[in-house]
Amino acid sequence: QVQLVESGGGLVQAGGSLRLSCAASGSIFSFNAMGWYRQAPGKQRELVATISSGGDITNYADSVKGRFTISRDHAKTTVYLQMNSLKPEDTAVYYCNAENLSTWDDPREYDYWGQGTQVTVSS
């Protein structure tokens, strides 16, 4: 069974930094991309950043470009989100996602989500 476990959220002052981690476990065969999404109270979940399975293609929301960096540890199937120059509007629950993931046990592809980690930026 595939699990995505996030860590690294917390409370930080505006202008500060946080690093989120998402560790994927299970008999993972392949996936298209991994990424981070966020959902603020009363708002829809939105894309923050994604990284391809090869680690060579990244995509960022305009609101975080130049401040956030997504990266992967290929050996451990772990994805990171380095968040710098944080703003109060970055406050949200951040969710890790694995897109079109298949396992050695089941070739069908599914999207998987982590449980979310809270990021709160105070002004």
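Accessible area per residue for the chain is 53 Å², calculated with a 1.4 Å probe on protein heavy atoms, without ligands, DNA or RNA.
On the basis of the beta-carbon distance and an R0 of 25 Å, residue 85 and residue 45 show a calculated FRET efficiency of 0.65. Rounded to 0.05, the FRET efficiency of the residue 71 and residue 105 pair, given R0 = 35 Å and the Cβ-Cβ distance, is 0.80.
Computed from label points 7 Å out along Cα-Cβ, the spacing between residue 3 and residue 62 is 4.0 nm. Here is the list for the stretch 1-78: trypsin sites (Lys or Arg not before Pro) lying in DSSP coil, each with at most 14 other C-beta atoms within 10 angstrom of its C-beta, are 43, 65. What number, in percent, do you get for the relative contact order of the chain if the mean sequence gap of Cα pairs under 8 Å and at least 6 apart is divided by its residue count? For the chain, the relative contact order is 36 percent.
The values are calculated or read from the model by the stated rules, or taken from the named source; none is laboratory data. What you see is a predicted model, and the numbers here were worked out from it, not measured in a lab. Here Cβ is always computed from backbone atoms with ideal geometry, including for glycine, and neighbour counts include all displayed protein chains. To get the accessible areas, we keep the full protein, side chains included, count just its heavy atoms, and leave off ligands, DNA and RNA. Shrake-Rupley method; radii C 1.70, N 1.55, O 1.52, S 1.80 Å.
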